[in-house]
Amino acid sequence: HKTLKTPLYSISSYDIERYKSERIKKVSPATANRDLACLKTMFNKAIAWGYVSENPVRQVKLFKENNERVRFLNTDELKLLLSYCSDRLKRFVILAVATGMRKGEIQKLKQEDIDFTRNFIRISEQKNGLTSYIPMNNTARKVLEQGVDFDYNPRKAFELACKKAGIKDFRFHDLRHTFC
């Protein structure tokens, strides 16, 4: 294997393939692909800056990724989870389940994004960069009227509530699946 003192121009696609085959023994295909993407970007910068003329990562195929993980809570599991949530966390979780919003979308909300007159929530900083409007059902309206701490990061409290409730293999993002 190559050392840190190896010149960039001497790294071949064969070397990258060897790195790829070693990396997959330690990490998931998705992580290995992110690593390869980072290497590819670094070589593209090296080309732009005149250090090398070719990108050896370009010829290396990425791993297939299986992103078919679908986990959601049934009604009993949701009730159990909520019973282990603080009021602050409970309102955050209920809003996520009632709207299907991502954690980051909830955290970026401002009071002016909530329209109680027309019953909608404006999401101005979606993952795709677009603004959208989602309808506010009675559950979402009620929890928003009670007040939700948008600046709150529920990660640790959420993990603890799941652990106490005995809910395994469940992430905050999976509340979107529960919504659906």
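Would you list which aspartates and glutamates come within 20 Å of Lys79, measuring only between C-alpha atoms, while excluding same-chain residues fewer than 8 positions from it?
Partners found: Asp87, Glu159, Asp169, Asp174.
Give the calculated FRET efficiency between Phe179 and Arg23 to the nearest 0.05, with a Förster radius of 41 Å applied to their Cβ-Cβ distance.
In this case the efficiency is close to 0.70.
Placing +1 on the Cβ of each Lys and Arg and -1 on the Cβ of each Asp and Glu in the chain, which of Ser124, Cys38, Leu95 has its Cα farthest towards the positive end of the resulting dipole?
Cys38
Among the helices of the chain (complete DSSP H runs), which have Cα atoms covering no less than 20 Å along the helix axis and a Kyte-Doolittle mean of at least -0.5?
Membrane-span-like by this criterion, though nothing is claimed about a membrane: 29-48.
Given axes a ≥ b ≥ c from the Cα gyration tensor, I'd like to know whether the stretch 86-148 is rounded (a/c under 1.5), prolate (a/b larger than b/c) or oblate.
Oblate shape, in that a/c is at least 1.5 and b/c is the bigger or equal ratio.
With a 10 Å cut-off between alpha carbons and a GNM built on the chain, which of Arg23, Arg155, Arg102 moves the most?
Highest fluctuation of the listed residues: Arg23.
For the stretch 1-107, with equal point scatterers placed on the C-alpha atoms only and solvent neglected, what are the log10 I(q)/I(0) values from the Debye formula at q = 0.22, 0.23 1/Å, to two decimals?
-1.16, -1.23
Report the accessible area of Arg88, computed with a 1.4 Å probe over the heavy atoms of all protein chains in place, in Å² rounded to the nearest 10.
Estimated to the nearest 10 Å², Arg88 gives 110 Å².
Cut-off 10 angstrom, C-alpha nodes, Gaussian network model of the chain. Which of Lys168, Lys26, Lys79 fluctuates the most?
Result for the chain, Cα springs under 10 Å: Lys26 fluctuates most.
Quick one: check the C-alpha center-to-center distance for the stretch 105-160 versus the stretch 1-77, whole angstrom.
The two parts, judged by their Cα centres, are 36 Å apart.
Give me the one-decimal nm value for the distance between modelled label points at Ala48 and Leu130, 7 Å along each residue's Cα-to-Cβ direction.
2.8 nm
Simple spin-label model, 7 Å along Cα-to-Cβ: Arg71 to Asp151 in nm?
The answer from the label model is 3.1 nm.
Among the lysines, select those whose C-alpha is under 22 Å from the C-alpha of Lys40, and discard any that sit fewer than 8 residues away in the same chain.
Result set, ordered by chain and number: Lys2, Lys5, Lys20, Lys25, Lys26, Lys61, Lys64.
Percent of accessible area on the chain owned by carbon and sulfur, 1.4 Å probe?
52 percent
Taking the convex hull of the Cα atoms, report for the chain its projected area averaged over all directions, in nm².
One quarter of the hull surface, i.e. the mean projection, equals 14.2 nm².
Given the options Phe92, Phe116, Phe170, state which has the largest fluctuation in a GNM of the chain using a 10 Å cut-off (strictly under) for Cα springs.
Residue with maximal mean-square fluctuation among Phe92, Phe116, Phe170: Phe116.
Using only the heavy atoms of the protein chains and a 1.4 Å probe, how would Asp174, Asp115, Asp76 rank by accessible area, largest first?
My answer, sorted largest first, is Asp76, Asp115, Asp174.
Could you give the size of the charge dipole of the chain about its Cα centre, using +1 on the Cβ of each K and R and -1 on the Cβ of each D and E, expressed in debye and rounded to the nearest 20?
That gives the chain a dipole magnitude of about 500 debye.
If I stretch the segment between Lys108 and Lys5 completely, what's the gain in nm (0.36 nm per residue apart, minus their alpha carbon distance), one decimal?
Working it through step by step, the gained length comes to 32.6 nm.
Please give, to one decimal in nm, the separation of the simple spin-label points placed at Ala37 and Tyr14, each 7 Å out from Cα toward the Cβ.
Going by the 7 Å Cα→Cβ label model, 2.9 nm.
Considering all alpha-carbon pairs of the stretch 1-64, what whole percent are spaced by more than 13 angstrom?
62 percent
The values are calculated or read from the model by the stated rules, or taken from the named source; none is laboratory data. These numbers come from a predicted model, not from an experiment. In this analysis, Cβ positions are derived from the backbone assuming ideal geometry, glycine residues included, and neighbour counts consider all displayed protein chains. Heavy atoms of the whole protein, side chains included, go into the accessibility calculation; ligands, DNA and RNA do not. Shrake-Rupley method; radii C 1.70, N 1.55, O 1.52, S 1.80 Å.
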